[in-house]
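Q: Sending over a structure as structure tokens; questions will come in a sec.
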Amino acid sequence: MSWIVHIASILEILLLLYVATLDVATRLIRNEVCLALALLGIAGQIGSPVQLAQSLIAAAILFLLLLTIYTRGWMGGGDVKLLTAVAIGFPLTGVIQLLTITALAGGVLAMAHLVMRNLPYPKLAPVGSSLARRVYAVERWRHLRHAPLPYGVAIACGGIWTIFSRGF
């Protein structure tokens, strides 16, 4: 049964890296990715029905809390779906760790965007520019237009950290 947990963990990490990249590029989090993460979280706990039940209850409570935050406009809907889907794979202590690391990573992300306020407005990145230069140009442009933070990056960091912390 442990090989299922290993494979599910690896696939979760790959999906979280994908969703972070996609969130930076498009500011969208796809429903299919959230569904896949939720199913992988369930698969990773299939050997322990009690832990799975506790995980589902914790994720449901988290979803209700995040839904309240979403209705106030403090968080995007994709971020709510992603955080809930990732939480399904962890017991209560893992959910707490996920939320803690996500909040810390979100703080770093917010600080990086605050620093961008003082950086010069870049010219368009010419063809052949490095990926870092192109991302900077687009992010600075988005920042000037008050685009939301790509919080999926912070959620992915929290998820990956928590997966590595539980061991696989």
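Q: With the condition kept exactly as written, say whether any residue in region 78-85 is among the hydroxyl-bearing types (Ser, Thr, Tyr) and under 15 Å from the mean Cα position of the chain (by Cα). Working first, answer last.
A: First, the residues of region 78-85 that are among the hydroxyl-bearing types (Ser, Thr, Tyr): 84.
When the remaining residues are screened for being under 15 Å from the mean Cα position of the chain (by Cα), the result is 84.
Checked against the condition, which is being among the hydroxyl-bearing types (Ser, Thr, Tyr) and under 15 Å from the mean Cα position of the chain (by Cα), region 78-85 yields at least one hit.
Q: If you check Leu109 against the conditions, is it among the aliphatic types (A, V, I, L, M), touching a Pro at 6+ places or on another chain (Cβ under 9 Å) and open to solvent by less than 70 Å² (accessible area, probe 1.4 Å)?
A: Details: among the aliphatic types (A, V, I, L, M): yes; touching a Pro at 6+ places or on another chain (Cβ under 9 Å): yes; open to solvent by less than 70 Å² (accessible area, probe 1.4 Å): yes.
Yes, satisfied.
Q: If you don't mind, another one. Mind checking which residues of region 19-35 are in a helix (DSSP H, G or I) and either within 21 Å of Ser2 (Cβ to Cβ) or β-branched (Val, Ile, Thr) (or both)?
A: Once the filter is applied, which keeps residues that are in a helix (DSSP H, G or I) and either within 21 Å of Ser2 (Cβ to Cβ) or β-branched (Val, Ile, Thr) (or both), region 19-35 yields Val19, Thr21, Val24, Thr26, Val33.
Q: Only residues that are assigned to a loop (DSSP other than H, G, I, E, B) and open to solvent by 30 Å² or more (accessible area, probe 1.4 Å): list them for region 84-106, please. Let's see the steps before the verdict.
A: At the first step, the residues of region 84-106 found to be assigned to a loop (DSSP other than H, G, I, E, B) are 88-91.
Of everything in region 84-106, just one residue is assigned to a loop (DSSP other than H, G, I, E, B) and open to solvent by 30 Å² or more (accessible area, probe 1.4 Å), namely Pro91.
Q: Right, here's the next one. State whether the residues of region 20-39 include one that is open to solvent by 50 Å² or more (accessible area, probe 1.4 Å) and over 30 Å from Leu131 (Cα atoms).
A: Within region 20-39 (the criterion being open to solvent by 50 Å² or more (accessible area, probe 1.4 Å) and over 30 Å from Leu131 (Cα atoms)), the answer is yes, since at least one residue qualifies.
Q: Another question, if that's okay. Of the residues in region 1-30, how many are under 13 Å from Gly152 (Cβ atoms), modelled with pLDDT of 90 or more and either among the polar types (S, T, N, Q) or touching a helix residue (DSSP H, G or I) at 6+ places or on another chain (Cβ under 6 Å) (or both)?
A: First pass over region 1-30, keeping only residues under 13 Å from Gly152 (Cβ atoms): 15-30.
Next, only the ones that are modelled with pLDDT of 90 or more stay: 15-23, 28-30.
Right, trim to either among the polar types (S, T, N, Q) or touching a helix residue (DSSP H, G or I) at 6+ places or on another chain (Cβ under 6 Å) (or both) and you get 15-16, 19-21, 23, 29.
Going through region 1-30 one residue at a time, the tally reaches 7.
Q: Specify the residue that is surrounded by the most Cβ atoms within 10 Å (Cβ to Cβ); the eligible residues are those in region 130-150 that are touching a helix residue (DSSP H, G or I) at 6+ places or on another chain (Cβ under 8 Å) and outside any helix (DSSP H, G or I). Don't jump to the end; show me each part of the working.
A: Start the filter on region 130-150 by keeping residues that are touching a helix residue (DSSP H, G or I) at 6+ places or on another chain (Cβ under 8 Å), which leaves 135, 139-140, 143, 149-150.
Now restrict to residues that are outside any helix (DSSP H, G or I): 149-150.
Working: Leu149: 19, Pro150: 26.
It comes out as Pro150.
Q: Which pairs turn up if I take residues in region 136-150 that are free of Cβ contacts under 8 Å to residues at least 24 places away in the same chain and look for partners that are open to solvent by less than 70 Å² (accessible area, probe 1.4 Å) and polar (S, T, N, Q) with beta carbon separation below 9 Å, at least 6 apart in sequence or on another chain?
A: As it stands, the answer is Ala137/Ser129, since those pairs meet every condition given.
Q: On to the next question. From Leu109, Leu83, which residue is more than 13 Å from Leu62 (Cβ to Cβ) and of a type outside the set (Lys, Arg)? Break it down into steps so the answer makes sense when it comes.
A: Working: Leu83 fails: more than 13 Å from Leu62 (Cβ to Cβ).
The unique qualifying residue is Leu109.
Q: Collect the residues in region 47-72 that are open to solvent by less than 60 Å² (accessible area, probe 1.4 Å) and either assigned to a helix (DSSP H, G or I) or modelled with pLDDT of 95 or more (or both), keeping them in residue-number order. Before the answer, list the steps.
A: Taking region 47-72 and keeping what is open to solvent by less than 60 Å² (accessible area, probe 1.4 Å), we get 47-48, 52-53, 55, 58-60, 62, 66, 69.
If the condition is that a residue be open to solvent by less than 60 Å² (accessible area, probe 1.4 Å) and either assigned to a helix (DSSP H, G or I) or modelled with pLDDT of 95 or more (or both), then Leu52, Ala53, Ser55, Ala58, Ala59, Ala60, Leu62, Leu66, Ile69 are the ones that fit.
Q: So Leu119 clears everything in (1) open to solvent by 60 Å² or more (accessible area, probe 1.4 Å); (2) in contact with a Gly (Cβ under 8 Å, 6 or more places away or on another chain) except one condition, right? Which one?
A: Checking Leu119 against (1) open to solvent by 60 Å² or more (accessible area, probe 1.4 Å); (2) in contact with a Gly (Cβ under 8 Å, 6 or more places away or on another chain), the one that fails is (2).
Q: Any idea which residue in region 1-19 is most open to solvent (accessible area, probe 1.4 Å), counting only those that are touching a residue at least 24 places away in the same chain (Cβ under 8 Å) and either under 24 Å from Arg133 (Cα atoms) or of a type in the set (Lys, Arg) (or both)?
A: Looking at the filtered set, the residue picked out is Leu17.
The values are calculated or read from the model by the stated rules, or taken from the named source; none is laboratory data. Computed from a predicted structure; not experimentally measured. A quick note on method: Cβ atoms are made from the backbone with ideal geometry, for glycine too, and the neighbour counts reach across all protein chains shown. Each accessible area value is taken on the protein alone, full model and side chains, heavy atoms only, with ligands, DNA and RNA left out. Shrake-Rupley method; radii C 1.70, N 1.55, O 1.52, S 1.80 Å.
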